[in-house]
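In what follows, a single structure is set out as structure tokens and then discussed.
The values are calculated or read from the model by the stated rules, or taken from the named source; none is laboratory data. Given the structure is predicted, the values throughout are model-derived calculations rather than measurements. Cβ placement follows ideal geometry from the backbone for every residue including glycine, while neighbour counts extend to all protein chains displayed. Please note that ligands, DNA and RNA were not included when accessible areas were found on the heavy atoms of the full protein model with its side chains. Shrake-Rupley method; radii C 1.70, N 1.55, O 1.52, S 1.80 Å.
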Amino acid sequence: MDRKLSRKEKAALQRTQVLNLKEFEEVARFEKRTSKKPAVLFAVLGFLLIAFGMAFQMKDSLASKEAAKIEKRKVSKEVVATPKETALECTLTSLNNADGTDTVYTIDYHFLDKKLTGFTKMFTATATVGAELGPVSIQNYLNAYPAFLNPIEGYQITAVPIVNGVVVTVIVDFDTLDLLKLNPKQQEHFSTSIDYPLDTELSQIQQEMFAAGFQCQ
């Protein structure tokens, strides 16, 4: 298989061809003055050298075009990777709490290529059956949550009363959220806080959720 010449080698070969042609031209002119037959022979030889140079350039050009076609086919076969969306749902259930409540705390994390893009929190608190402190604690929740109802773009929050309890929902979308506009009050309670910034790795969140006693899937 012929080795493809480098740019430097091709330039050197072309310079040699040009010098050879010039030498033959000089000899041809000299022979022409003394004999027509040698001049004709040298002219033919010069023509052959020129033809050889053109053939070499055509071969190199064809090889370059073929390489370009192969590369184009390779690029066309490459599949553009589509970002993969994944989710991690973690739940912590706590019954018979000291304040007379039962709570279920669920966080649904959303990822793109295993990097955090947003989450939904749902915190449900109900009075434990038979616990004297239960109703009082639920009323305290209902009285406290209005101060946390500070929704902005990218951060939505609701606190809805239910029978003997309350359900608090927080939805965060980091693509539209401006953290500078977020009320600092939201960080005062775990049910309303933002615990991880944008692009936090899924593996980190999963590990820390397990360590905190959450069940994740």
query: Does Asn97 qualify as being in a loop (DSSP other than H, G, I, E, B), farther than 18 Å from Phe214 by Cα and either hydrophobic (A, V, I, L, M, F, W, C) or modelled with pLDDT of 95 or more (or both)?
result: no
query: So Gly213 fits all but one of (1) closer than 13 Å to Cys90 by Cβ; (2) open to solvent by 60 Å² or more (accessible area, probe 1.4 Å); (3) of a type outside the set (Ser, Thr, Tyr); what number is the exception?
result: (2)
message: Restricting to the stretch 175-192, count the residues that are surrounded by 15 or more Cβ atoms within 10 Å (Cβ to Cβ) and free of Cβ contacts under 8 Å to residues at least 24 places away in the same chain.
response: 0
The stretch 113-130, subset open to solvent by 70 Å² or more (accessible area, probe 1.4 Å) and not in a loop (DSSP other than H, G, I, E, B), residue farthest from His189 (Cα to Cα): Lys115
message: Anything in the stretch 172-208 that is closer than 24 Å to Val104 by Cα and in a strand (DSSP E or B)? List them, or say none.
response: Val172, Asp173
task: Please determine, by comparing only the residues of the stretch 82-124 that are basic (Lys, Arg) and in contact (Cβ under 8 Å) with a residue 60 or more places away in the chain, which one is nearest to Val163 (Cα to Cα).
output: Lys121
- request: Residue by residue through the stretch 193-202, note down the ones that are open to solvent by 60 Å² or more (accessible area, probe 1.4 Å) and in contact (Cβ under 8 Å) with a residue 60 or more places away in the chain.
  value: Pro197, Leu198, Asp199, Glu201
field: Search result, residues across the stretch 131-171 that are hydroxyl-bearing (Ser, Thr, Tyr) and either part of a helix (DSSP H, G or I) or in contact (Cβ under 8 Å) with a residue 60 or more places away in the chain (or both)
entry: Ser137, Tyr141, Tyr145
- prompt: Would a scan of the stretch 161-184 turn up a residue that is closer than 22 Å to Gly100 by Cβ and under 30 Å from the mean Cα position of the chain (by Cα)?
  reply: no
